[in-house]
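For reference, the structure is listed below as structure tokens.
All of the numbers you see were taken from the coordinates with simple rules; none came from a lab. Because the structure is a prediction, the values reported are computed rather than measured. Using ideal geometry, Cβ is built from the backbone for each residue, glycine included, and neighbour counts are taken over all protein chains shown.
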4 protein chains.
Amino acid sequence: MRKVVAEVKIIPMGEVSVSKYIKRAIEIFKKYNLKVSPSAMGTVLEGDIDEILKAYKEAHTEILNYVDRVVSFLEIDERRDKENTIERKLKAIQVGD
Amino acid sequence: MRKVVAEVKIIPMGEVSVSKYIKRAIEIFKKYNLKVSPSAMGTVLEGDIDEILKAYKEAHTEILNYVDRVVSFLEIDERRDKENTIERKLKAIQVGD
Amino acid sequence: MRKVVAEVKIIPMGEVSVSKYIKRAIEIFKKYNLKVSPSAMGTVLEGDIDEILKAYKEAHTEILNYVDRVVSFLEIDERRDKENTIERKLKAIQVGD
Amino acid sequence: MRKVVAEVKIIPMGEVSVSKYIKRAIEIFKKYNLKVSPSAMGTVLEGDIDEILKAYKEAHTEILNYVDRVVSFLEIDERRDKENTIERKLKAIQVGD
């Protein structure tokens, strides 16, 4: 297992209000063995890189069932020198620490 | 004033551990009249588009004082049909609603 | 003048075919003192960082005249150790060199 | 086969000059059945979505052999209403047409 932190953004083209699609994508992410942390600009995921690639592909594919075009973004942050988790990353940037 | 929701990611090239730079960027964002919401993969900002452009440029420029190269990302989400806020966006994607 | 290389992506929400908006954005970029190099996934720009910020804001704002929501992306690559140009970057990655 | 157009960006953390790693990633992409079109800000790929996911994972993983941390980006543009190719996308945005 290679634990990574990632962010997914999915844009259903042709729609202005996209929250129902984002909710569907988050439901899909939650079926996987991942930490799922939605932000206002994407969904942060933590877990095995292969699980994340599968979850990303499934969510992208699912949204393409509802619209004619999907543009999606996956960002992966992986490091070998220390464990990479959402919690550690947030702790490290706490201003005032 | 044109209120937008944005995300900034700043990557100081040449460094593996970047949290001290991210903390510095967040300090800069907080000097502006913006809502500042750090995530594990970037910093979400809410406020006037011009304030955000200025804050982004200042943070990018500041980090370039410490390293020889900076790669940074700004994403802006602006809509005319309804007010765009971090709070509204997060509410809209609450799974189970 | 601070010369940088950048990439802009502009997504007019609510539209499936977006090329006419992208063409409009490229027209705007060309009014500025920038090198403009469209790719299939965005537009690469080279020039002064302030020109690029202005061109990006004008293109984003212009597309918002046609649709109710725009999501746009700006990436800036700036370095102090050597001159950063599109030409140098492309030369440096030529496979087989 | 689901043909998509994609863009990959790979950032080897801890390095300022990254072209040798980008060259290595491009070599990997070329082993796959993909069109590979490097730009100054990333590499545009065209081909089957599964090939692209595999090529992206292999390139990300390979670069992590040389550095302690990799941040990488994959963007996928997939549409059902018409064939999506690099050539068609570039043709559609030709200013002056």
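For the rotation that carries chain D onto chain C, the axis lies closest to a Cβ at D:39, 2, where the number is the distance in whole Å. Position residue B:88: other-copy label points at 3.5, 3.9, 4.4 nm, ordered by increasing distance, label point 7 Å along Cα→C-beta.
Just check chain D against the gyration tensor rule for me: Cα atoms, a ≥ b ≥ c as the square roots of the eigenvalues, rounded for a/c under 1.5, and otherwise prolate or oblate depending on whether a/b exceeds b/c. Write down the numbers at each step before the final one.
On the way: a/c = 2.57, a/b = 1.70, b/c = 1.52.
Prolate shape, in that a/c is at least 1.5 and a/b is the bigger ratio.
Taking each DSSP H run with n ≥ 4 as -39500 (n - 2.57) and averaging over every residue of the protein assembly as shown yields -11000 deg cm²/dmol at 222 nm. A point 7 Å from Cα along Cα→Cβ stands in for residue C:58, and the other copies hold the same point at 2.5, 4.4, 4.7 nm, listed in rising order. Phi-derived couplings, Karplus 6.51 cos²θ - 1.76 cosθ + 1.60 at θ = phi - 60°, listed residue by residue for the range B:41-58: 10, x, 10, 8, 10, 9, x, 5, 4, 6, 4, 5, 4, 5, 5, 4, 5, 5 Hz, with x used for Gly and Pro. Here the range A:21-42 and the range C:51-72 have alpha carbon centers that stand 29 Å from each other.
Does the protein assembly as shown come out rounded, prolate or oblate by the C-alpha gyration tensor, with a ≥ b ≥ c the root eigenvalues, rounded set by a/c under 1.5 and, if not, prolate when a/b is larger than b/c and oblate if not? Judged from the Cα gyration tensor, the protein assembly as shown comes out rounded (a/c under 1.5). Angle check, please: helix C:19-31 long axis (alpha carbons) against the longest principal axis of chain C (alpha carbons), in degrees 0 to 90, nearest 10. Its long axis makes an angle of about 50 degrees.
The order of C:10, D:49, going from fewest to most other C-beta atoms within 10 Å of their C-beta, is D:49, C:10. For chain A, a Gaussian network of Cα nodes joined below 10 Å ranks A:35, A:57, A:82 by mean-square fluctuation, and the top entry is A:82.
Between copies, residue C:31 shows label-point distances of 3.1, 4.8, 4.8 nm, shortest first, with the point placed 7 angstrom from Cα along Cα to C-beta. Between D:73, D:13, D:92, the Cα set farthest toward the positive side of the dipole of chain D (charges on each charged residue's Cβ, about the Cα centre) is that of D:92. When only the Cβ of Lys, Arg, Asp and Glu is charged (+1, +1, -1, -1), the dipole of the range D:25-72 relative to its Cα centre reaches about 80 debye. Dipole magnitude for the protein assembly as shown: about 0 debye, using +1 per Lys or Arg Cβ and -1 per Asp or Glu Cβ, origin at the Cα centre. Residues of the range D:35-73 with the amide nitrogen closer than 15 Å to a label point 7 Å from the Cα of residue D:20, along Cα-to-Cβ, please. Label zone hits: D:63-68. Estimated at 0.36 nm per residue, the fully extended path between residue A:65 and residue A:88 surpasses their Cα-Cα distance by 4.7 nm.
Note down the magnitude of the dipole of chain D about its Cα centre, charges +1 on Lys and Arg C-beta and -1 on Asp and Glu C-beta and zero elsewhere, to the nearest 20 debye. Intermediate values should be presented prior to the final figure.
Numbers: 18 positive and 17 negative charges, 27 e Å.
Roughly 120 debye for chain D.
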